[in-house]
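Accompanying notes for the structure given below.
The values are calculated or read from the model by the stated rules, or taken from the named source; none is laboratory data. Fair warning: this is a prediction, and the values are worked out from it, not measured in the lab. With ideal geometry, Cβ positions are generated from the backbone for all residues, glycine too; neighbour counts draw on all protein chains shown.
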Amino acid sequence: MSLIFLILILTIAISWQANQNFEMKEKMLFIPYLVKQDRQYYRFVSHILIHSDIMHLAFNMISLFSLGEIFERQLRTEYGDFQGILHFCIIYFIGGIFAGLIVYFKNQDNPSYRSLGASGAVSAIIFACIIWNPTMSLMLMFIPIPIPAFLFGPIYLLIEYFAMRRGGTGIAHDAHIGGAIFGIIYCLLLNLDKGKQFIDLIF
């Protein structure tokens with residue numbers, strides 16, 4: 001079984017269980033204030049495994065599967081099964097933690113802030129895949145027209161940036177941006193030529 005399926009099964013099962021158990025969900029939420037005050041560092045990882053509702057879960061898991069399955073296969077082909085899986089795990093889980101760090105530094109003194117979901121981790125995979133496959137076609141939900149990945153990436157980041165600046169959406173856009181940054185950096189560390197190809201396509 002591929003790693004992507006294991007992540008999907010694990011996330012769906014834990015999200016479902018957490019939504020049936022308020023106490024469990026509360027313990028897994030990302031609460032920067034408690035991370036700082038009580039050193040509950042595990043929350044950097046636990047929040048990646050739970051989601052607010054079925055739509056939140058479905059959106060993240062469909063996004064992850066649509067590109068993650070392709071990307072995992074490419075990494076395993078390029079680096080072998082073990083190293084390919086390791087690279088995918090690093091991008092997904094460390095990408096999710098990196099995204100959480102950005103949220104943490106912004107909200108560490110706000111006792112009411114809470115967040116959850118795999119969006120930052122998924123964003124890391126999506127943008128690593130975009131750098132790896134800059135000519136593949138992607139679509140935004142509200143623009144159902146295929147867009148080359150090397151254009152999709154910057155457009156998506158601009159949308160996230162302005163949504164973050166505007167605020168009031170109830171979505172952790174800063175985590176999406178943080179995950180994307182990690183995915184891009186890690187992909188470039190793996191293969192700098194992928195970044196050069198991406199830049200050449202833009203200019």
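Side notes on the structure shown:
- Residue that is surrounded by the most Cβ atoms within 10 Å (Cβ to Cβ) [pool: residues in segment 1-38 that are hydroxyl-bearing (Ser, Thr, Tyr) and under 25 Å from Ile62 (Cα atoms)]: Ser15
Here is a yes/no grid of residues against (1) of a type in the set (D, E, K, R); (2) under 30 Å from Ile70 (Cβ atoms); (3) in a loop (DSSP other than H, G, I, E, B); (4) in contact with a helix residue (DSSP H, G or I) (Cβ under 7 Å, 6 or more places away or on another chain):
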{"position": "Phe5", "(1), (2), (3), (4)": "no, yes, no, no"}
{"position": "Thr11", "(1), (2), (3), (4)": "no, yes, no, yes"}
{"position": "Gln17", "(1), (2), (3), (4)": "no, yes, no, yes"}
{"position": "Glu23", "(1), (2), (3), (4)": "yes, no, no, no"}
{"position": "Lys27", "(1), (2), (3), (4)": "yes, no, no, no"}
{"position": "Tyr41", "(1), (2), (3), (4)": "no, no, yes, yes"}
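- The set of residues in segment 180-197 that are among the hydrophobic types (A, V, I, L, M, F, W, C) and within 22 Å of Gly120 (Cα to Cα) comprises Ala180, Ile181, Phe182, Ile184, Ile185, Cys187, Leu188, Leu189, Leu190.
- Leu86 vs. criteria surrounded by 15 or more Cβ atoms within 10 Å (Cβ to Cβ) and part of a helix (DSSP H, G or I): no
- Scanning segment 107-156 for residues that are more than 12 Å from the chain's Cα centre (by Cα), within 19 Å of Met61 (Cα to Cα), buried (at least 16 other Cβ atoms within 10 Å of the Cβ) and aliphatic (A, V, I, L, M) yields a total of 2.
- In segment 175-198, residue surrounded by the fewest Cβ atoms within 10 Å (Cβ to Cβ) [restricted to those that are modelled with pLDDT of 90 or more and small (Gly, Ala, Ser)]: Gly178
- Qualifying residue in segment 157-174 (condition: under 28 Å from Arg73 (Cα atoms), surrounded by 20 or more Cβ atoms within 10 Å (Cβ to Cβ) and touching a residue at least 24 places away in the same chain (Cβ under 8 Å)): no
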